[in-house]
Each structure stands twice: as structure tokens, then as C-alpha cells.
Amino acid sequence: MANDEARARILEAAGPIFAAKGYHGATIREICEAAGVNVAAVNYHFRNKRTLYVASLGLALESTASRVQFPTWSPEEPAEVRLKQCVCTLVERMAELNDVAWQTRLILSECLAPTGIHSDEIARFVQLLMDVLLPILENLLPGDSLQSKRLWLGYSIMSQCMFARIAFAMLPQQHGDPPSNDEVAQYITDLSLEAISRFD
């Protein structure tokens, strides 16, 4: 039990530090100080900084997904409605950036400035999102649409959800309050449906 507690404390301390300083800026020593353990504990539980970073990123991805989950749709639910709800879920996950959630910051940091050691975790994160988006897009696009069109449209929607929240977080005060999550989701959905309507 003590070993499990030490491992949990290390992960709890490592995530925020990696999110704030990046993989290269964070040090094992400061993570250990924050966790109240010695360096040997990190070596025992994670072997090295690289493995600890991957574990922190995995925790961030799982935590974000569990806090804001995709709805469960019935087969009769119109694809347009499913798309809006899917987009709203993605926007809500990214909106945690405004609350300075370390999990969201770590994910965005890895996406924007990849360390090169994240491939499996981020690929799994993206694949889970695409597993939700692609069936919706298949219902919305013409039957003879190329798979590449569905993929790129899915990536486009994901990118809009991610960067909209970053942009609004950076707006100066004179632009007023940022739009609500629902307003952002509606805009992205409307834009995506308009694009779909123009596909051959």
C-alpha cells in the first residue's frame, strides 16, 4: 500500500510540473520535492523521467476523458444532432484550459510542441475521438465520399475545438466576455455542416 501511495504522489506532483515547465524544463528533483519522496522512488516506480512523463500524459488523457464524456446516442438520433453534441463535448474538454487545469495544458503542450516520446498516448487519444466522429460524418457525407475526406473533416473539427478555446483565452478584455461553450460548439457545427453541404 505504501508503494502505491508513493507512486500516486509522484504522479500527482509530476503532472502539474510537466504542464507548467514542459518535459525538458521539469526536473526529477523538483518533482520528488513536491511529492515528498526521494529520487530512488521515481527510479523504482517509473525507471526514468521519460517513463514518468508518459505516465503523466496518460493520466491527463484519462482524467480529461472521464470528466467530460460523450453522450450515448440512439440509432434514430439525427447525425446533425450527434455532431453538435460531439463537438460540444470536445469544446467542454478544451474549456478546462480557462480553469488552468494541468491535464488540459499538458495535452495541448504535447500537441503543439511534441516531445517525440508521446506517440502511443496521443495517437490513442486522437483515435478514440475519431472513433466517435467518423461514424457521424459517414452519415452526413455522400456515400461515395473518399475516406480521406472524412478523415480530414474529422481532424478539422477536432482542431477547431482545440484552438477556439486557446484563442478566446488569449483575447484582451476589450473584446468582452468569451462566448459560451454551447455558442462555440454551435459555430463549429454550423461551419462543418456548411462545408459538408459543398462536398461532391
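Figures for the structure shown
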{"item": "Total residues in region 137-166, condition modelled with pLDDT of 85 or more and either assigned by TED's automatic domain parsing to the domain that holds Lys21 or within 19 Å of Ala65 (Cα to Cα) (or both)", "result": "7"}
{"item": "Region 116-134, residues that are over 19 Å from Gln160 (Cα atoms) and either at pLDDT 85 or above or in contact with a Gly (Cβ under 8 Å, 6 or more places away or on another chain) (or both)", "result": "Glu121"}
{"item": "Residue in region 56-66 that is closer than 30 Å to Val132 by Cβ and loosely packed, with under 13 Cβ neighbours inside 10 Å present", "result": "yes"}
{"item": "Of all residues making up region 121-136, the number that are under 12 Å from the mean Cα position of the chain (by Cα) and closer than 14 Å to Gln85 by Cα", "result": "1"}
{"item": "First in region 175-200 and more than 17 Å from Ser159 (Cβ to Cβ), second anywhere and among the aromatic types (Phe, Trp, Tyr) and at pLDDT below 90, Cβ under 9 Å, 6 or more apart", "result": "His175/Phe168; Pro178/Phe168; Pro179/Phe168"}
{"item": "Region 29-52, subset out of contact with any Cys (no Cβ under 8 Å at 6 or more places or on another chain) and surrounded by 17 or more Cβ atoms within 10 Å (Cβ to Cβ), residue farthest from Leu112 (Cα to Cα)", "result": "Val37"}
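The values are calculated or read from the model by the stated rules, or taken from the named source; none is laboratory data. Remember, predicted model here, so these are calculated numbers, not experimental data. In this analysis, Cβ positions are derived from the backbone assuming ideal geometry, glycine residues included, and neighbour counts consider all displayed protein chains.
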